[in-house]
Amino acid sequence: MAKTGTTTQGLRAAIERSGYYPTLVAEAVEAAVGGEPIVSYLVHQETTFDANEVRRHVTVLVLTGNRFIVSHTDEQAADGTSPSPYATTSTESVKLQRISSVVLSRVVANPESYTPGTLPREVVLTIGWGAVSRLDLEPAACGDPNCEADHGYTGSSTADDLSLRVSEAGDGPDTVRQTLAFAQALSEATAATPDTGR
């Protein structure tokens with residue numbers, strides 16, 4: 001479930017509605033936001049199945065006038081390091097100038113009859129700011145089919161710090177709409193932020 005909005009009270013209410021350790025999540029996010037006014041936010045909870053366990057995860061994205069804040073909270077079962085279940089919460093604060101890409105991938109059904117304004121059935125929001133990059137390499141080749149020389153490697157580097165997938169079937173149409181709204185707010189904020197050389 002995802003929620004989006006623009007106020008501190010709305011952010012806390014969305015975290016509480018997610019039902020996922022709301023006091024813990026809210027405290028971590030509010031400490032990271034501090035006193036800055038909120039431009040937009042998105043709260044997304046997902047449940048995954050890992051062997052015989054059900055694991056929950058919540059991601060909170062917050063946009064302020066100067067920063068993009070991302071928070072992740074995961075729950076863990078008791079293990080060798082802890083006799084009782086526990087949760088881990090992390091927050092990262094990124095200056096808007098550092099955001100290098102905001103990618104929004106849309107999946108639409110029946111593209112031949114698509115009309116403007118139709119909700120995608122799935123969206124993937126990928127945000128990059130240089131903390132994590134993926135490097136894809138492959139052997140380089142030349143146009144000569146008989147050439148046996150080593151031409152080194154060729155490849156690409158992709159910023160892949162955060163990727164969030166929501167679907168109409170799994171999360172509901174409101175979640176897809178809210179993700180689109182947050183992505184637009186973040187794209188507009190990064191376009192309006194002067195590049196200071198990072």
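The values are calculated or read from the model by the stated rules, or taken from the named source; none is laboratory data. These figures come from a predicted structure and were not determined experimentally. For neighbour counting, all protein chains shown are included, and Cβ atoms are generated from backbone atoms with ideal geometry for every residue, glycine included. Remember, those area values only see protein heavy atoms, side chains included, never the ligands or the DNA or RNA. Shrake-Rupley method; radii C 1.70, N 1.55, O 1.52, S 1.80 Å.
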State in Å² the accessible area per residue of the range 23-109; use a 1.4 Å probe, count heavy atoms of protein chains only, and round to the nearest integer.
51
Show me, for the range 53-69, the HN-Hα J-couplings you get by feeding each phi into the Karplus relation (A = 6.51, B = -1.76, C = 1.60, θ = phi - 60°), rounded to Hz, glycine and proline as x.
10, 9, 10, 10, 8, 10, 10, 10, 10, 10, 10, 10, x, 10, 9, 10, 10
Using a 1.4 angstrom probe on heavy atoms only, work out the carbon and sulfur share of the accessible area of the chain in %.
50
Can you give me the long-range amide H partners of THR64? Hydrogens built in the peptide plane at 1.01 Å from N, cutoff under 5 Å, separation of 5 or more residues or another chain.
VAL39, ILE69
Solvent-free Debye scattering, log10 I(q)/I(0), computed from the Cα coordinates of the range 48-116 at q = 0.24 Å⁻¹
-1.03
How much accessible surface does TYR21 have with a 1.4 Å probe, in Å² rounded to 10?
90
How much solvent-accessible surface does ARG106 expose, in Å² to the nearest 10, with a 1.4 Å probe and all protein chains in place?
140
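Less than 12 Å Cβ to Cβ from ALA141, Lys/Arg counted +1 and Asp/Glu -1: what total charge do the surrounding residues give?
Once all neighbours under 12 Å are counted, the net charge is -4.
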Sequence order, the range 75-89: Karplus ³J(HN,Hα) from phi using 6.51 cos²θ - 1.76 cosθ + 1.60, θ = phi - 60°, Hz rounded, Gly and Pro as x, gives 9, 10, 6, 4, 8, x, 8, 8, x, 10, x, 8, 10, 10, 10
Answer in debye to the nearest 20: the dipole magnitude of the chain about its Cα centre, from +1 Lys/Arg and -1 Asp/Glu charges placed on Cβ, is 800
What list of ³J(HN,Hα) couplings, whole Hz, do you get for the range 103-116 from phi and the Karplus terms 6.51, -1.76, 1.60, once you set θ to phi - 60° and write x for glycine and proline?
10, 10, 9, 10, 10, 10, 7, 6, x, 5, 10, 5, 10, x
Ordering ARG55, ARG177 by accessible area with a probe of 1.4 Å, largest first, what comes out?
ARG177, ARG55
